[in-house]
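Q: Right, I'll just put the structure down here and ask away after.
The values are calculated or read from the model by the stated rules, or taken from the named source; none is laboratory data. All of these numbers come straight from a predicted model, not from anything done at the bench. As a convention, Cβ positions derive from the backbone with ideal geometry for all residues, glycine included, and neighbour counts pool all protein chains shown. Heads up: the accessible areas ignore ligands, DNA and RNA and are worked out on the full protein's heavy atoms, side chains in. Shrake-Rupley method; radii C 1.70, N 1.55, O 1.52, S 1.80 Å.
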There are 2 protein chains.
Amino acid sequence: MKTEPQPLEAGETSKRLTSTQGVTRGLSIVDLILRIIAAIGTLGSAVAMGTTNETLPFFTQFVQFSAQYNDLPTFTFFVIANSIVCGYLVISLPLSIFHIIRSAAINSRIILVIFDTVMLAILTAGASAATAIVYLAHNGNASANWVAICQQFNSFCERTSGSLIGSFGGILIFMLLIVTSTVAISRC
Amino acid sequence: MKTEPQPLEAGETSKRLTSTQGVTRGLSIVDLILRIIAAIGTLGSAVAMGTTNETLPFFTQFVQFSAQYNDLPTFTFFVIANSIVCGYLVISLPLSIFHIIRSAAINSRIILVIFDTVMLAILTAGASAATAIVYLAHNGNASANWVAICQQFNSFCERTSGSLIGSFGGILIFMLLIVTSTVAISRC
């Protein structure tokens, strides 16, 4: 449904233009809301993982047993990935608002799709790498002789498992963002 | 640059249409080539990981030490993810060829973007989860008392590390696919 920018002569053309603009504006509003939700989700994930710290109530002569997120490089990557994505989402909000006002903007939408795609990959990488380690912490692996550490570090494991939720929610939202942007571009 | 499908009257409009169509067709050809490369890459990854099997030359009375990809659930997921994505890429080839012929098709392009986005997420999840485990196999983790198993299973580790390459190449290609499709949609 493409229309050359031209002086509106027929009422029918005008009506169709308005309807298309309405759909595009609706998609832009959905885009803004999804971005805000995803920003909160990824921020929550980063904070939940980043503040995880458990010290066991017993210790030997030499070692006080404790577990922090940065004992595992994968969890550090998870916190960094979620922080980057959250920062990007906040920065992208003004552009998203701009799209509500000027629903015909195409180039800025394409730029958002490019960055959204990169951020989807970064967030998915962080979340699934952390999931692999959390799974290992819960179940261990007999073949590789890796023990499940969740028996000892119970609250640490619960906290890290929970922090994955916001991140996976963010992944779903990024998929929706890319699709809604593409549909909006096709209707511009 | 939007034009209502209309009888071509002015030569200028006709020329611009042809030029736009040329760009869109070029993007469709790039799309097809990228899909073929990504299909080969993910197939290679799946096969390389799936056929990994190392038996150590020494054994005790009870245990013959051996390592296979399916000893680690994450590697199994990696093989499944790569197989799914490779299968999808092969299925999407006819549609990609159709886009070269009919460069004005929009709806089928949007459908491809939706599936490409989902596949990007699946492939990234598989690759980065496997990377987390490969990293652990190489370096171990002192805090969690997980030993590096790569000293024993040297060729197993090399093989699994190498199999990640095709998968990460596939991730980059999926990003390019989404961007080229979006640009093509904006020019349709």
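Q: Above 25 angstrom, tally the Cα pairs of region B:57-188 and express them as a % of all pairs, no decimals. Don't skip to the end; give the middle numbers.
A: Numbers: 3674 of 8646 pairs.
The answer is 42 percent, as a whole percent.
Q: Another question, then. Given a 1.4 Å probe, how much area per residue of region A:112-154 is accessible, in Å²? Can you show the working numbers first?
A: Values: 1500 Å² over 43 residues.
Per-residue accessible area for region A:112-154 comes out at 35 Å².
Q: I've got another one for you. Would you please name the trypsin sites (Lys or Arg not before Pro) within region A:99-186 that are DSSP coil residues with at most 15 other C-beta atoms within 10 Å of their C-beta?
A: Filter output for region A:99-186: A:102.
Q: Are there cysteines in chain A with no second cysteine's Cβ under 4.7 Å away, and if so, which?
A: A:86, A:188 - these cysteines have no disulfide-compatible partner (Cβ-Cβ under 4.7 Å) in chain A.
Q: If I ignore ligands, DNA and RNA and count only protein heavy atoms, how much of residue B:175 is accessible to a 1.4 Å probe, in Å² to the nearest 10?
A: 40
Q: Compute the length gained on full extension between residue A:55 and residue A:30: take 0.36 nm times their separation in residues and subtract their Cα-Cα distance, giving the result in nm to one decimal.
A: Result: 4.7 nm gained on full extension.
Q: How much length is gained on full extension from residue A:70 to residue A:155, taking 0.36 nm per residue of separation minus their Cα-Cα distance?
A: Full-extension gain reported as 29.0 nm.
Q: Under DSSP H, which helices of chain B have Cα atoms covering 24 Å or more of the helix axis and a Kyte-Doolittle average no less than 1.0? Before the final figure, lay out the partial values.
A: Numbers: long enough: B:11-50 (58 Å, 0.66); B:73-101 (43 Å, 1.76); B:107-139 (48 Å, 1.33); B:154-187 (51 Å, 1.06).
Both cut-offs are met by B:73-101, B:107-139, B:154-187.
Q: Further, regarding this structure: Taking only the alpha-carbon positions of region A:112-188 and ignoring solvent, what does the Debye formula give for the base-10 log of I(q)/I(0) at q = 0.13, 0.16, 0.23 Å⁻¹?
A: Each listed q maps to, in turn, -0.53, -0.67, -0.98.
Q: While we're on this one: For labels at residue B:147 and residue A:47 in the simple 7 Å Cα→Cβ model, what's the distance in nm?
A: Result: 4.2 nm between the two label points.
Q: Report Rg/Rh for the protein assembly as shown, rounded to two decimals, where Rg is the Cα radius of gyration and Rh the Kirkwood radius.
A: My calculation of the ratio gives 1.08.
Q: Quick check: with the 1.4 Å probe, what order do B:149, B:122 take by accessible area, largest first?
A: Heavy-atom accessible area, descending, gives B:122, B:149.
Q: Also, quick follow-up: Mind ranking A:95, B:34 by accessible surface for me, highest first, 1.4 Å probe?
A: These residues rank, largest area first, as A:95, B:34.
Q: In peptide A:118-128, how many Cβ atoms from other protein chains are near each Cβ within 10 Å, on average?
A: 6
Q: Do you know the relative contact order of chain A, to the nearest whole percent, from alpha carbon pairs under 8 angstrom that are 6+ apart? Intermediate values should be presented prior to the final figure.
A: Details: 222 pairs, mean separation 64.9, N = 188.
Relative contact order, chain A: 34 percent.
Q: Just to be sure I understand the model, the point goes 7 Å from the Cα along the line to the Cβ. What's the resulting residue B:114 to residue A:111 distance in nm?
A: With each label point 7 Å from Cα toward Cβ, the separation is 2.9 nm.
Q: Quick check: with the 1.4 Å probe, what order do A:69, B:88 take by accessible area, largest first?
A: A:69, B:88
Q: Follow-up question, since we're still on this one. What order, most packed first, do the peptides A:165-171, B:110-116 have when packing is the mean number of other Cβ atoms within 10 Å of each residue?
A: A:165-171, B:110-116
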